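Okay, structure first, notes after.
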Amino acid sequence: MGAHHLKTESRAAWVMVTPALLGLTLFLTLPFFLAVILSFTNLKLGSPLPVQFVGFDQFKRIFADPSFLRALANNAIFAVVVVPLQTVFALCLALVINRPLRGMTLFRTLFFMPVVFPFALIAVVWILIYAPGPNGMMNAALEVLSVGAWEARDFLHDPRSAFPAIMLMSIWQGVGFQMVIFLAGLQAIPSELYEAASVDGATKWRQFLHITLPQLRNTIIFVILVTTILAFRLFDQIQIMTHGGPNDATTTVIFEAVRSAFERQQVGRGAAMTTVFFLFVLFVTFLQRQIVKQEREIE
C-alpha cells in the first residue's frame, strides 16, 4: 500500500513538473546550447550556407576587441558598485520598516512598487528626471541643495555621469526586492535573543552586530548572489536610456552581444559574447557558493 502511494505521488509530481521542465528546456537550455554551437562559426544574417566553422577564432577576436573589453569592465564596475550599495540600503530600509508602528505597511508597499513596475516605464521616468538644463528635476534639486553652485548638465549624454546615473536608477529600482527578503529574514529571528541581550545590558548596536548580522548571514549571502547575477544582466536600462553611449561609456556585454547579432548581423560574434558572459556569471556564482561552503565547514 505504501509503495503504491509513493508511485502515485511520484507520477503526480512528474505531471506537475513536466510543463516547467519543457519550458526550461525549450526556452533556456536549447537556446544556450545553440548559442555555444554558433559561437564556433562565422554565421552572419543573410550569409550563404553552409556556415563556416572557425573554432575559437570568434573568442580570440572578441577578447582583442576594445569595445568588448570595455563592456566587460563596465559590467564588473556596475556589480562592484551596485551590489554592496543596494544590499546595505536594503538592509537599512528593512531595519527601519521592521517596526510595529502605524503606516509601516504603506511604506513597505511604496518601497516595493518600483520592483513590479515595467522597466521601460521606470527608464522613461528617469529620463525625465535626468532631463538636461536647469529645469530638469535632478539638476533643479542639486542646484537647491548646493545653494546655486551646481551647474546644470546633461547626465545621460555626459561620459562622466552617464554610467553613475544608470547605477543610481538601478539601485533605486531594485532595492525594494532585497528589502522584502531582508524583512523576511529579520522576522524569522527569535525575539528571545534580543530580550536576553537586553537583560545582559547589550546596546542596540551590539545587538545588531552579534545577533542580527549572524542570524541574517544566509539571507545576506542569498541577496548578494541574486543581486550579482541581476547586475551582470544589465541591459534594459542601457538600451532605453543611453543605447550604449556616449562613446560606449555605458555599454555592457549583453548590449554588445545584442548589437553584434542584430544591428551588425554578426550572429556568431554575438553568440561568442553570450557564451563568455554565461561562463563568467557561472564562475562568480560558483565562487560565492564555495565561500558559503567554507564558512559552513568552519562552523
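The values are calculated or read from the model by the stated rules, or taken from the named source; none is laboratory data. In this text the structure is predicted, and so the values were computed from the model without any measurement. When we count neighbours, we look across all protein chains shown, and the Cβ atoms used for this are built from the backbone with ideal geometry, even at glycine.
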(request) With respect to Ala197, determine if the residue is farther than 30 Å from Val276 by Cα and either among the hydrophobic types (A, V, I, L, M, F, W, C) or modelled with pLDDT of 85 or more (or both). (result) yes
(message) If a residue must be surrounded by fewer than 14 Cβ atoms within 10 Å (Cβ to Cβ) and not in a loop (DSSP other than H, G, I, E, B), how many such residues does segment 108-124 contain?
(response) 7
(message) Take residues that are hydroxyl-bearing (Ser, Thr, Tyr) and surrounded by fewer than 17 Cβ atoms within 10 Å (Cβ to Cβ) and tell me which of the helices (runs of 4 or more DSSP H) falling wholly in segment 191-299 contain 2 or more.
(response) 191-199
(message) Criterion first (within 28 Å of Trp172 (Cβ to Cβ) and either in contact with a Gly (Cβ under 6 Å, 6 or more places away or on another chain) or not small (Gly, Ala, Ser) (or both)) does Phe277 satisfy it?
(response) yes
(request) Name the one entry in Ile211, Ile181 that is under 19 Å from Pro84 (Cα atoms) and of a type in the set (A, V, I, L, M). (result) Ile181
(request) Report the residue count in segment 32-54 for those that are in a loop (DSSP other than H, G, I, E, B) and under 12 Å from Arg269 (Cα atoms). (result) 7
(request) Those residues that are part of a helix (DSSP H, G or I) and either more than 25 Å from Thr251 (Cα to Cα) or touching a Pro at 6+ places or on another chain (Cβ under 6 Å) (or both), I need them from segment 138-161; list them, please. (result) Ala140, Ala141, Leu142, Glu143, Val144, Leu145, His157
(request) Assess whether Ala120 counts as being among the small types (Gly, Ala, Ser), in contact with a Ser or Thr (Cβ under 8 Å, 6 or more places away or on another chain) and closer than 28 Å to Leu183 by Cα. (result) no
(message) Tell me the residue from Ser170, Ser161 that is among the polar types (S, T, N, Q), crowded, with 20+ Cβ neighbours inside 10 Å and within 22 Å of Gln239 (Cβ to Cβ), please.
(response) Ser170
(request) Out of Pro19, Pro50, report the one residue that is of a type outside the set (Phe, Trp, Tyr), over 16 Å from Ala261 (Cα atoms), at pLDDT 85 or above and loosely packed, with under 10 Cβ neighbours inside 10 Å. (result) Pro19
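This table checks each residue for (1) at pLDDT below 90; (2) surrounded by 15 or more Cβ atoms within 10 Å (Cβ to Cβ).
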| position | (1), (2) |
| --- | --- |
| Leu30 | yes, no |
| Ala35 | yes, yes |
| Leu38 | yes, yes |
| Thr41 | yes, yes |
| Val54 | yes, yes |
| Gln58 | yes, yes |
| Ser67 | yes, no |
| Ala73 | no, no |
